[in-house]
Amino acid sequence: MAKKNKKKGASSLGTDGSIVASNRKARHEFQILDTYEAGIALVGTEIKSMREGKASLVDAFATVDDGEVWLRGLHIPEYSHGSWTNHAPKRARKLLLHRREIDSLIGKVRDGNATLVPLSLYFVGGRVKVELAVARGKQAHDKRQDLARRTAEREAVRELGRKIKGMRG
């Protein structure tokens, strides 16, 4: 059997394990309580656009309506080679989860002031998955404490590196 030729410098966008989009602000704005992996019901031109690496989770959030989980605010731009069959860029998309996972999410969101936040979009086995987090919003002082803690850890690692190299700070 002949080997398939791979192009040098070919982009890994849209292949297995590649991250298409990530919500970097989510970890800063929210305290992550629990994470789930869910599939997304998409149409053909949305998949093609995502294989080109185009998607944005900036304003995305998830809701539970009538026992179904919906992803809202996810922006997938229209496919560049699409025709009149192109999709709406900001439509609501259904998330595919098991019934027990949906029931668990309903309980966690209903109990407290938790929300459902998508953290990243990626491909697994040719299918698009979303990492969905049950999260609670951080207060301003919590954000400052996290920033100070990360800065202190970074400085400690730098100082340790200087001591190992024999330099003086």
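Applying a threshold of 20 Å to the alpha-carbon distances of Lys54/Lys108; Lys90/Lys143; Lys94/Lys129; Lys90/Lys129; Lys25/Lys138 flags Lys54/Lys108; Lys90/Lys143 as lying beyond it.
Spin-label pair Glu37-Ile19: with each label point 7 Å from Cα along the Cα-Cβ axis, the two points sit 1.5 nm from one another. Taking all protein chains into account, the per residue accessible area for segment 105-165 stands at 63 Å² (1.4 Å probe). When all protein chains stay in place and ligands, DNA and RNA are ignored, the 1.4 Å accessible-area order of Ile164, Ile19, largest first, is Ile164, Ile19.
Calculated FRET efficiency, Arg136 to Trp70, Cβ-Cβ distance, R0 = 22 Å: about 0.60 to the nearest 0.05.
How much FRET efficiency would the formula 1/(1 + (r/R0)^6) give for Asp59 and Val157, where r is the Cβ-Cβ distance and R0 is 35 Å, rounded to 0.05? About 0.55, to the nearest 0.05. Highest mean packing comes first when the peptides 96-102, 128-134 are listed by Cβ atoms within 10 Å, giving 128-134, 96-102.
Length gained on full extension, Lys165 to Glu52, computed as 0.36 nm times the residue gap minus the Cα-Cα distance: 36.3 nm. Distances between placed amide hydrogens fall under 5 Å for Val69 paired with Leu95, all partners being 5 or more residues away or on another chain.
The values are calculated or read from the model by the stated rules, or taken from the named source; none is laboratory data. Only a predicted model underlies this, so the values are computations on that prediction, with no experimental measurement involved. Ideal geometry is used to build each Cβ from the backbone, glycine not excepted, and the neighbour counts take in all protein chains shown. Areas reflect the complete protein model, heavy atoms only, side chains present, ligands, DNA and RNA absent. Shrake-Rupley method; radii C 1.70, N 1.55, O 1.52, S 1.80 Å.
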